[in-house]
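Just below is one structure, and these are the notes that go with it.
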Amino acid sequence: MVAGGIGLFQNHTKWRGQSIQFDGTDDYIDCGDILNSLALPLTIAVRVTPFTAAGVNTGIFATDSAATGNIVGFQIARSTPGLAYWAYGDNTGTGSANIRAGTGSTVLVQYRPYSAAFVVRGQTDSDIYLDGRPETVTYAGSCGAMVHNSAVCTIGRRAYPVTYWNGTIDYVYVYTRALTAVEVAQLAAEPYAMFLAPAARRRFAR
């Protein structure tokens with residue numbers, strides 16, 4: 001799931017076939033403090049299925065827990081209006097000056113699976129893709145650098161404000177570079193191609 005493995009399941013987190021199910025209350029995966037070196041540019045790619053309708057903010061992934069009460073590290077979520085959302089913080093506060101965020105334009109509806117990719121190159125230079133198709137991104141906040149802390153990386157939980165995913169997550173991929181549109185489309189079409197033998201993998205690169 002992250003860094004080639006899976007962390008510690010917390011509370012009622014459980015397998016559901018090939019996916020992992022979260023209850024939206026307190027379920028998450030503790031992956032340890034493993035992503036403190038993550039910087040821009042980056043790409044986070046996930047496949048998720050929400051079990052709730054829009055109207056509830058639900059966290060998907062965070063590089064750092066908000067142990068300090070500040071906005072810290074990088075995180076993705078489905079926003080309260082139901083839109084794909086990324087944000088990072090400078091670990092100095094919780095206001096608009098302490099965060100940089102981007103929000104997509106399509107509502108993620110209940111019980112529909114989505115392959116989502118968040119490609120962030122700079123403060124106002126990013127792409128959000130749903131099922132390989134680009135979204136219109138709206139930006140907010142004005143902080144500069146992303147800062148990490150010593151708290152754990154989590155799947156199924158957003159760092160600040162703390163919210164939990166209600167639904168399933170199939171995978172979380174973390175890239176230390178900005179994927180191209182072609183790579184994102186390939187990943188959405190065949191998310192496990194990277195694990196194939198090189199000869200088989202070439203079929204998906206054409």
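The values are calculated or read from the model by the stated rules, or taken from the named source; none is laboratory data. Since the model is a prediction, treat every value here as computed from it, not as a measurement. Please note: Cβ atoms are built from the backbone with ideal geometry, for glycine as well, and neighbour counts cover all protein chains shown.
Summary table below
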quantity	calculated
Unmet requirement for residue 49, which otherwise passes all of (1) closer than 25 Å to residue 12 by Cα; (2) out of contact with any Leu (no Cβ under 6 Å at 6 or more places or on another chain); (3) crowded, with 24+ Cβ neighbours inside 10 Å	(3)
Subset of segment 1-53 (residues that are β-branched (Val, Ile, Thr) and outside any loop (DSSP other than H, G, I, E, B))	2, 20, 29, 43, 44, 46, 48, 49
In segment 72-82, the residues that are farther than 16 Å from residue 52 by Cβ and either of a type in the set (A, V, I, L, M) or loosely packed, with under 15 Cβ neighbours inside 10 Å (or both)	72, 76
Any hit, segment 28-40, residues being more than 19 Å from residue 153 (Cβ to Cβ) and buried (at least 18 other Cβ atoms within 10 Å of the Cβ)	no
Top-ranked residue in segment 1-21 [being at pLDDT 90 or above and among the hydrophobic types (A, V, I, L, M, F, W, C); ranked as farthest from residue 49 (Cα to Cα)]	8
The listed residue being touching a strand residue (DSSP E or B) at 6+ places or on another chain (Cβ under 6 Å), modelled with pLDDT of 95 or more, of a type in the set (Ser, Thr, Tyr) and surrounded by 24 or more Cβ atoms within 10 Å (Cβ to Cβ), out of 85, 114	85
Residue 72 vs. criteria hydrophobic (A, V, I, L, M, F, W, C), out of contact with any helix residue (DSSP H, G or I) (no Cβ under 7 Å at 6 or more places or on another chain) and over 27 Å from residue 181 (Cβ atoms)	yes
Among (1) within 21 Å of residue 97 (Cα to Cα); (2) at pLDDT below 95 - the single one residue 31 does not satisfy	(1)
Selection count, segment 161-171, where residues are aliphatic (A, V, I, L, M) and at pLDDT 95 or above	1
Number of the exception - residue 18 against (1) over 16 Å from the mean Cα position of the chain (by Cα); (2) crowded, with 16+ Cβ neighbours inside 10 Å	(2)
Hits in segment 119-131 - residues which are at pLDDT 95 or above and either outside any strand (DSSP E or B) or closer than 18 Å to residue 80 by Cα (or both)	128, 130, 131
Test: residue in segment 149-171 that is in a loop (DSSP other than H, G, I, E, B), crowded, with 22+ Cβ neighbours inside 10 Å and among the small types (Gly, Ala, Ser)	yes
For residue 85: the one exception among (1) touching a residue at least 60 places away in the same chain (Cβ under 8 Å); (2) under 17 Å from the mean Cα position of the chain (by Cα)	(1)
Residue 63 touching a strand residue (DSSP E or B) at 6+ places or on another chain (Cβ under 8 Å), of a type in the set (Val, Ile, Thr), at pLDDT 90 or above and crowded, with 17+ Cβ neighbours inside 10 Å	yes
